[in-house]
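Colleague: Here it is, the structure, as structure tokens.
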Amino acid sequence: MLKVDTCCKIYRVGAFGGSRLQAVSDVSFEVGPGEVVALIGESGSGKSTLGRMILRLVRVDGGTITFDGADISTFGRRQLRDYYAHVQGVFQDPFSSYNPIFKCDRVFSMVRSQYFARSSRADWEDKLHGALEAVSLEPADVLGKYPHQLSGGQLQRLLIARSLLLDIKLLIADEIISMLDASTRIDVLNLLGDLKARGLGILFITHDLSLGNYISDRTMILRRGRVVETGPTDLVFGDPRHPYTKTLLASVPQLHHKWNGSNGREAPPDAVESGTLVDVGNGHLVANGAQVVP
């Protein structure tokens, strides 16, 4: 369905754009129907840039991105409109997607004017209520409300519901739960799982390894704009091969271990063996017995 082939992105940085920053370098992957692909990396690794290139918000400097066999860089206005009927994105901060002086319904009315202008009011309301119920929202609880009257989880679900109004095949989920509380995160993750079961392809962009492990079928580890490891999620997490992947996995805090303070004591052997990131004092961190940069 989606194919990213040796894509590159270079930004001009510095005074007068005199320097070049290679944000993405020769990245290739595919996303099929009903498949969740996790794109995992630290801040600045190029994750969001890739998502924005797929959404045609950022120009591709090299390589190609094709959807159902068509190169999206060649799309004109009409083709791009049709493309957005099938491919949508939801981003990290739900509040930034809403204008605080308008009610939340405005994000739906914009979709209606572009794609459902000929639908009757009754047909539109049936479709809207169906989309809201699909993301476990009661229409009476969210319609007619301003953004500040709803929680971050409700706002994020509204954006997913907006995507479901269209004939969407692919969702770019860019850090969509990183600003939500823990109880809301699992609800949104389970919602993505339900959408996957209905055949929706999802590119799940995150810096949180546990979230990627929970939801994805395949995982890509991105470092400095390059994919350093990719494969089925259980293999990437269960048998990592690249040193960077091993370091990331070793740095995941464990629920059964506590931070032991900056008292200069050695990390407990069982904590080191289990791959826990441990503070051993003096600002030093240990992961699997090797000192890492905080």
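Colleague: Name every residue in the range 40-61 that is small (Gly, Ala, Ser) and in contact with a helix residue (DSSP H, G or I) (Cβ under 7 Å, 6 or more places away or on another chain), in order of residue number.
Modeller: Of everything in the range 40-61, just one residue is small (Gly, Ala, Ser) and in contact with a helix residue (DSSP H, G or I) (Cβ under 7 Å, 6 or more places away or on another chain), namely GLY41.
Colleague: Next question. Tell me yes or no: at least one residue of the range 186-199 is polar (S, T, N, Q), within 22 Å of PHE108 (Cα to Cα) and in the same structural domain as LEU50 (by TED's automatic domain parsing).
Modeller: Looking through the range 186-199, none of the residues is polar (S, T, N, Q), within 22 Å of PHE108 (Cα to Cα) and in the same structural domain as LEU50 (by TED's automatic domain parsing).
Colleague: While we're looking at this one, here's another question. Looking only at residues in the range 180-210 that are over 13 Å from LEU39 (Cβ atoms) and among the acidic types (Asp, Glu), which one is modelled with the highest pLDDT?
Modeller: In this case the residue turns out to be ASP194.
Colleague: Take the residues in the range 147-179 that are of a type in the set (D, E, K, R) and more than 15 Å from TYR84 (Cβ to Cβ); name whichever of them is modelled with the highest pLDDT.
Modeller: Residue satisfying both the conditions and the ranking: ASP174.
Colleague: Let me ask something additional. Among the residues in the range 15-26, are any among the hydroxyl-bearing types (Ser, Thr, Tyr), more than 17 Å from the chain's Cα centre (by Cα), within 12 Å of ARG224 (Cα to Cα) and in the same structural domain as GLY231 (by TED's automatic domain parsing)?
Modeller: yes
Colleague: Please verify whether PHE95 is within 25 Å of GLN149 (Cα to Cα), touching a Leu at 6+ places or on another chain (Cβ under 8 Å), in contact (Cβ under 8 Å) with a residue 12 or more places away in the chain and not small (Gly, Ala, Ser), treating the condition exactly as stated.
Modeller: In short, yes.
Colleague: Now, a different point. Limited to the range 141-185, what total is found for residues that are free of Cβ contacts under 8 Å to residues at least 24 places away in the same chain and within 25 Å of SER45 (Cβ to Cβ)?
Modeller: Result for the range 141-185: 1.
Colleague: Check whether at least one residue in the range 139-149 is at negative phi and buried (at least 18 other Cβ atoms within 10 Å of the Cβ), and report yes or no.
Modeller: Yes: one or more hits.
Colleague: Which residues, counting only those in the range 8-50, are polar (S, T, N, Q) and loosely packed, with under 15 Cβ neighbours inside 10 Å?
Modeller: SER19, SER28, SER43
Colleague: Tally the residues that are part of a helix (DSSP H, G or I) and either within 20 Å of HIS86 (Cα to Cα) or at pLDDT 95 or above (or both), restricting the search to the range 30-48.
Modeller: Result for the range 30-48: 1.
The values are calculated or read from the model by the stated rules, or taken from the named source; none is laboratory data. These figures come from a predicted structure and were not determined experimentally. FYI the Cβ positions are ideal-geometry reconstructions off the backbone, even for glycines, and counts take in every protein chain you see.
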